[in-house]
Amino acid sequence: MKAFFQKHGMSSAFILLFVLIFVFGGMYSRYMTNQIAVHAENNNVAEITHLEYNFDLATFIESPYIAEITYGDNFSQVILYIGQSFQINGIVSGIEPSSDELVAIQLLLTQEAGKYYNDASFVSYTPSSRTLVVQTNGFHGLITVTLDFSSDFSGVTYYNVVSHETYYEEHNYTGGAVPAVENYYMNGFIAGNINLDAVAGASYGTSPAMQGLVELLTLFQDAQTGGN
């Protein structure tokens with residue numbers, strides 16, 4: 001037995017040394033990885049301090065949101081144009097972030113997008129006719145509304161709804177055929193009555209979709225008329 005350990009002692013020592021290196025090396029590697037992550041987070045900290053719709057007629061289709069961001073060790077501030085998918089589209093004002101800081105800010109926006117996302121969105125705008133196209137997600141798919149505003153945006157001179165909703169999933173709907181419910185909400189918006197109740201018997205998603213769309217249209221119109 002003694003001869004065996006004398007013969008194999010060196011091999012056992014190497015094996016033990018290898019195991020120790022593997023174990024402690026792995027622990028050190030994980031520690032360093034964590035420290036690097038903490039350092040990166042501390043140096044690229046970012047916070048959305050304010051986010052709102054962008055109603056500037058020249059930029060709101062491409063960038064429907066504007067976000068105020070505080071970032072970095074010095075708590076710098078920048079205001080950014082934000083796209084429908086919450087991608088950064090440009091800088092409105094403030095201190096321009098570095099490329100690494102922009103990456104951190106974009107990651108934050110992507111992570112937080114769900115908190116701000118609205119099914120209702122802008123599709124297109126034609127300045128010459130003041131024609132706005134908006135859409136929202138109903139129960140059976142997209143509901144698209146095209147409307148023309150008056151010269152001062154105080155009224156709507158025309159609108160059209162394209163919808164694939166159905167109103168027969170409950171048995172007490174007594175109104176007209178599609179898009180009667182969508183027209184009900186649009187007529188309410190035009191008349192200034194924007195707090196309309198859900199329509200009984202329509203698809204479960206139709207009323208909330210149109211309520212969200214009317215809310216967006218109201219904010220847009222108020223922005224163009226100064227709230228009047």
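Readers should treat all values here as calculations from the given coordinates under stated rules, not as data from a laboratory. Please read all numbers here as calculations on a predicted model, not as lab measurements. We place every Cβ from the backbone using ideal geometry, glycine too, and count neighbours over all the protein chains shown.
Observations
- Global form of the stretch 121-225, assessed from the alpha-carbon gyration tensor, a/c cut-off 1.5: prolate
- Database remark: amide H of VAL199 closer than 5 angstrom to the amide H of SER207 (H placed geometrically; neighbours at sequence offset of 5 or more, or on other chains; Pro and chain starts carry no H).
- Ranked by how many other Cβ atoms sit within 10 Å of their own Cβ, fewest first, the residues TYR116, TYR204 fall in the order TYR204, TYR116.
- For the pair LEU142 and TYR168 in one chain, pulling the backbone fully straight at 0.36 nm per residue adds 7.6 nm over the alpha carbon distance.
- The stretch 46-116: relative contact order as a whole-number percent, Cα under 8 Å and 6+ apart: 26 percent
- Spin-label pair TYR117-SER98: with each label point 7 Å from Cα along the Cα-Cβ axis, the two points sit 3.2 nm from one another.
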